[in-house]
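Some notes on the structure that comes next.
The values are calculated or read from the model by the stated rules, or taken from the named source; none is laboratory data. Since we're looking at a predicted model, the values are computed, not measured. Neighbour counts are summed over all protein chains in view; Cβ atoms, including those assigned to glycine, are modelled from backbone coordinates with ideal geometry.
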Amino acid sequence: MKKSNVRELVEAGEKNKFYKRAEWTDKLRPMILERDHYECQRCLHKWDSAEYPNTRPKKLTRARTVHHVYPLEKYPEYAKEPWNMVSLCNRCHNEVEGRKWFSFKGIKKKKPEINEELW
Ligand SMILES: [Zn+2]
C-alpha cells in the first residue's frame with residue numbers, strides 16, 4: 001500500500017522509502033544539490049552552529065548527499081522544506097549522522113536567516 005505522506009512512512013518504520021521516491025531522487029535532492037552548487041556546505045563553513053562547530057579550513061568539497069537538518073523521524077513535516085536540507089560530502093554526512101539530533105537545535109534560532117541569499 002502506498003503511503004501518501006512522510007509522517008505515515010515514518011510511523012510505519014519505512015522512512016527509507018522516502019529516499020527512493022522520484023519526488024526525492026528526481027526533484028528534491030537534485031534541487032538542493034544545485035542550490036548548493038554540488039559543494040559540501042559544511043566544508044564551506046556556510047553551515048554551522050555553536051553546538052556543532054565546524055573547525056575545518058574553508059574548502060570546496062563535492063557534495064554527494066542531501067542531509068535533513070531536522071531528521072525525518074522527529075520532524076516529518078519538514079521533510080520537503082528546502083531550508084531543512086543541506087548538501088554534504090560523504091565524510092561530513094557520516095560525522096553529522098553520528099551526532100544526536102538535538103545537536104542541531106541551535107539551528108532553529110538561525111532558521112529565519114537561512115534563505116536563498118545566504119545559500
Ligand atoms: Zn564536507
Against the conditions (1) within 11 Å of the chain's Cα centre (by Cα); (2) modelled with pLDDT of 90 or more, where does Glu97 fall short? Just the number, please. (2)
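Looking only at the range 9-34, filter to residues that are β-branched (Val, Ile, Thr) and in contact (Cβ under 8 Å) with a residue 12 or more places away in the chain; which one of those is nearest to His68 (Cα to Cα)? Working first, answer last.
Here is the first cut: in the range 9-34, the residues β-branched (Val, Ile, Thr) are 10, 25, 32.
Narrowing further to those that are in contact (Cβ under 8 Å) with a residue 12 or more places away in the chain: 10, 32.
Values: Val10: 14, Ile32: 11 Å.
Residue satisfying both the conditions and the ranking: Ile32.
Looking at the range 49-68 only, could you name the residues that are more than 12 Å from the ligand (Cβ to nearest atom) and at pLDDT below 90?
Across the range 49-68, the qualifying residues are Ser49, Ala50, Glu51, Tyr52, Pro53, Thr55.
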